[in-house]
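What follows is a short report on a single structure.
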Amino acid sequence: MNASVESGTQAQILERMKKRTEEMAQRAEVRRQQKQGQAAMSENVDYFQETFQNMKDDIERKVDDAGNIKKAQLLDYFDELVKDVQQMQDFLNESNMFLASFQVKKAQEHIKTLNNLVHAKIDEMQPKKKFGFGKKKAGGEKSTKAKEIKKDGVDGCSKEKNTLDEIIEKQFFGFKDQSNQTLIKSAEELDNRQLNIQNLDNCKVIALGNPSTLQVASLKNCTVIVGPTSRSAFIKDCINCKFIIACQQLRIHDTKNTQFYLHVTGAAIIENCHDVKFAPYTIKYPELKEHYCKSGLDLKTNYWDKIEDFHWLNENEKSPNWSVIPEKERIDNWLK
C-alpha cells in the first residue's frame, strides 16, 4: 500500500471515529435534557400538589370559621371564599399542562367538593327576612307590599336566596348564556383580567386586548377572536367553532370539528378531541404589537403545529385527531 492510499484510509477512519464521537455526544446531550425535563416536571408536580393542598386546607378552615364572622361582614367574607375557590380552579388550569389526566380529574373533584361546601355554608348562613301579619287593607286592592313580595318571589326572600348568585355574578367577567350575538370587550376592559366565555350559540366574540387568561366552555357554532393572552387558555366542550388566540399554554378538552388559529409559545395539548385543526395566528389590528408587548409573549416562538394529544400514545405516528389547515383554506380577514 503506497503512502497516499494509507493516508486516505487513515483519514476515513478518523472521520468515522469523529462522526461516531459526535453522535454519542449528541445522544448523551439528548438524554441529559430529557432527565432535566423529567426532573423539572417532577418538581412542578410536587409544587402543585403541595400548593393545591394548602389552598384546600385554607378554604376548609375558612368555611369552619364562618360562624365566628359578624353578620355585617359575612357578604365580604363569602365573596372572598368564592374567589378562593376560583383561584384554585385557575391554579389547576395553569398547572394542568404538566399533570397527568388522573391528577387533573382528582383535583377537579376536590374543587367541586369545596365549591359545594362553600355554597352550602352561604345558603346556611345568609340572612333571612322576617315577616309579620299586618292589617288587611280595605277594598279589593292588594297592598303595595304584597305586590312587591309577589314580584320578588313566592315568599319575598329572592334577594337573600340569590346571595351566592350575586357574588358569582359580581366576579364573572366575560360572556355567557347568549345566542346569535356579536359580543365585544375593549382593551381597557380586558387589561390583565381573566376572560370567561360560557354557553354561547352562534355568536362572534371580539376581545382585542391583553387578558391574563382565557377560560372557555360549551360553545357551538361560534367564532372567538382574542388578543395576546399573557398566560394560559383552557377550552372545553366546543363544537364547530373557530378560535383565534395567542397564549403561553393551551389545553383543549372534549372539543370537535373546531379550528384554531394559534400562537402558542409553550405547550399545546388536546384531550378527548376529534377533528380539530390548526393554523398560525392570523389576526391583524393596529394595537396588536402593543398588546403583544404587554402580554410578554415571544413573537418569534410559535409551536402552533406541535400539538400533544394525551389520548394518542403511539409516538411513531401522528395523532389522527388533529390536522393542519391547508394554506389555501386559511382565513385572515376576521374583522371584516
Inset, instruction - Could you run through the stretch 237-254 and say how many residues are in a loop (DSSP other than H, G, I, E, B) and either over 21 Å from PHE172 (Cβ atoms) or open to solvent by 10 Å² or more (accessible area, probe 1.4 Å) (or both)? - result: 3
Legend entry - Output for the stretch 265-282, where each listed residue is under 14 Å from THR301 (Cα atoms) and at pLDDT below 95: THR265, GLY266, ALA267, ALA268
Inset, instruction - Consider ASP46 carefully, then state whether it is among the acidic types (Asp, Glu), open to solvent by 90 Å² or more (accessible area, probe 1.4 Å) and either part of a loop (DSSP other than H, G, I, E, B) or at pLDDT 80 or above (or both). - result: no
Inset, instruction - Could you list all residues from the stretch 313-336 that are surrounded by fewer than 16 Cβ atoms within 10 Å (Cβ to Cβ) and within 23 Å of LEU99 (Cβ to Cβ)? - result: LEU313, ASN314, GLU315
Legend entry - From THR213, THR182, residue being open to solvent by 50 Å² or more (accessible area, probe 1.4 Å) and either hydrophobic (A, V, I, L, M, F, W, C) or modelled with pLDDT of 85 or more (or both): THR182
Legend entry - Selection count where residues are polar (S, T, N, Q) and in a loop (DSSP other than H, G, I, E, B), scope the stretch 207-231: 5
Legend entry - Unmet criterion (only one of (1) open to solvent by 10 Å² or more (accessible area, probe 1.4 Å); (2) farther than 23 Å from GLN181 by Cα; (3) assigned to a strand (DSSP E or B)) for PHE234: (2)
Legend entry - Check on ARG61, open to solvent by 70 Å² or more (accessible area, probe 1.4 Å), part of a helix (DSSP H, G or I) and modelled with pLDDT under 80: no
Inset, instruction - Within the stretch 270-289, track down each residue that is closer than 17 Å to ASP309 by Cβ and touching an Asp or Glu at 6+ places or on another chain (Cβ under 8 Å). - result: ILE270, GLU271, ASN272, CYS273, PHE278
Inset, instruction - Please list, ordered by first then second residue, the pairs with beta carbon atoms under 9 Å, 6 or more apart or interchain, first in the stretch 323-336 and in a strand (DSSP E or B), second aliphatic (A, V, I, L, M) and open to solvent by less than 70 Å² (accessible area, probe 1.4 Å). - result: SER323/VAL276; VAL324/ALA279
Inset, instruction - Look at TYR292 and say whether it is touching a residue at least 24 places away in the same chain (Cβ under 8 Å) and either open to solvent by 30 Å² or more (accessible area, probe 1.4 Å) or assigned to a strand (DSSP E or B) (or both). - result: no
Legend entry - Hits in the stretch 82-105 - residues which are outside any helix (DSSP H, G or I) and open to solvent by less than 40 Å² (accessible area, probe 1.4 Å): ASN96, MET97, LEU99, ALA100
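The values are calculated or read from the model by the stated rules, or taken from the named source; none is laboratory data. Everything numeric in this text was worked out from a predicted model, so none of it was measured. We place every Cβ from the backbone using ideal geometry, glycine too, and count neighbours over all the protein chains shown. Ligands, DNA and RNA are stripped out before the accessible areas are found, and what is left, the full protein with its side chains, is counted by its heavy atoms. Shrake-Rupley method; radii C 1.70, N 1.55, O 1.52, S 1.80 Å.
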